[in-house]
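Everything below concerns the one structure shown next.
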Amino acid sequence: MKNQNIVIVSIAVLAGMLLAVWGMFAVGANMPRGVTEFSHTAYDLHMLILWICVVIGVLVFGAMFVSIIMHRKSNGVEAARFTHNTKAEIAWTTIPILILVMMTVPATRGLILMETSEGAAMDIQITGYQWKWKYEYLDTGVSFISSLARDSNVARQLNSGIDPNTVDNYLLEVDHPLVVPTNTKIRLLMTSGDVIHSWWVPELGWKRDAIPGMINTAWTEISEPGTYRGQCAELCGKDHGFMPVVVIAKPKAEFEQWLAQQPGYQAAEDLASMAANTIADKQATADKQADDQPEVALVN
Ligand SMILES: [Cu+2]
């Protein structure tokens with residue numbers, strides 16, 4: 001009879017915990033799995049740790065409720081009077097340590113993966129400004145400012161009379177999205193022109209602070225073409241909520257076509273020869289200035 005009650009209480013606790021986890025998924029409160037290798041790593045790590053927590057929760061709450069219900073005073077149970085139990089103390093110290101050490105393995109692997117930006121095929125510099133983003137495709141001459149889209153900007157004004165629910169992607173749309181190629185390792189160099197911002201697109205699996213006077217490095221490699229939206233994730237002033245991020249991932253050929261059509265685009269060879277010319281020009285000017293200097297006789 002007693003054992004039967006223990007089973008009933010345990011099943012009830014387990015059901016309650018599973019119901020809570022299922023509810024979290026049902027309302028879509030979980031983090032997205034994303035579209036990059038790193039976002040998958042972060043998601044899998046998050047799920048692994050969630051289930052470890054669920055198992056611990058079921059065991060701890062199960063033991064607690066079983067003790068409370070089965071060993072209650074009205075059931076005629078007397079409280080135990082011991083104060084120490086060495087074996088129990090060793091167990092509840094070492095088991096959590098082992099669990100934590102076990103969790104550090106995938107977590108460290110994920111952190112190393114996130115920091116390894118070597119071998120990137122292209123570099124994009126992202127500069128945060130109050131309250132917009134500047135994207136520079138390094139070594140191509142292409143750069144532009146990305147600001148909140150007009151529809152959202154009009155609707156957000158006080159007494160605009162526009163219902164935000166009628167605006168597509170309200171506060172999550174920009175005039176010039178960041179366009180990137182799929183299946184290409186891209187290094188992103190983050191900095192800021194004024195205060196600290198943070199560039200965050202949940203589907204990519206990370207966010208990075210954009211700090212004035214510093215360059216933070218991140219990288220991404222998007223596997224699926226699509227539009228991914230995010231926001232500035234660092235409170236950066238009164239319009240912090242109005243500087244969204246929109247990333248459009250296109251297949252490589254389509255991206256190259258897009259890039260070549262951008263104002264200021266220069267193929268890499270042109271840029272290299274331009275840079276070489278500039279250096280040669282500077283050298284020639286310096287030489288000429290040196291020649292023009294009147295000879296000064298040194299008098300002892
Ligand atoms: Cu910001």
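Annotations for the structure displayed:
- For residue 170, the criteria (1) within 25 Å of residue 33 (Cβ to Cβ); (2) under 18 Å from the mean Cα position of the chain (by Cα); (3) surrounded by fewer than 20 Cβ atoms within 10 Å (Cβ to Cβ) hold in every case but one, which is (2).
- Pair list, Cβ < 7 Å and 6+ apart or interchain, from the stretch 74-97 residues that are closer than 30 Å to residue 52 by Cα to residues that are hydrophobic (A, V, I, L, M, F, W, C) and at pLDDT below 90: none
- The set of residues from the stretch 192-228 being near the ligand (Cβ under 10 Å from one of its atoms) and crowded, with 20+ Cβ neighbours inside 10 Å comprises 192, 197, 198, 199, 210.
- In the set (1) in a helix (DSSP H, G or I); (2) touching a residue at least 40 places away in the same chain (Cβ under 8 Å), the condition left unmet by residue 32 is number (1).
- Residue 136 vs. criteria loosely packed, with under 10 Cβ neighbours inside 10 Å and charged (D, E, K, R): no
- Of all residues making up the stretch 114-134, the number that are of a type in the set (Ser, Thr, Tyr) and in contact with a Gly (Cβ under 7 Å, 6 or more places away or on another chain): 2
- Verdict on residue 97 being more than 16 Å from the ligand (Cβ to nearest atom), modelled with pLDDT under 95 and out of contact with any Gly (no Cβ under 8 Å at 6 or more places or on another chain): no
- Residue 119 vs. criteria part of a loop (DSSP other than H, G, I, E, B) and touching a residue at least 60 places away in the same chain (Cβ under 8 Å): yes
- If you filter the stretch 229-243 down to residues that are within 16 Å of the chain's Cα centre (by Cα) and more than 10 Å from the ligand (Cβ to nearest atom), you find that the one that is nearest to residue 179 (Cα to Cα) is 229.
- The stretch 227-280, residues that are in contact with a Leu (Cβ under 6 Å, 6 or more places away or on another chain) and β-branched (Val, Ile, Thr): 247
The values are calculated or read from the model by the stated rules, or taken from the named source; none is laboratory data. Worth saying up front: this structure is predicted, and the values here are computed from it rather than measured. Cβ sites come from the backbone with ideal geometry, for glycine too, and all protein chains shown count toward neighbours.
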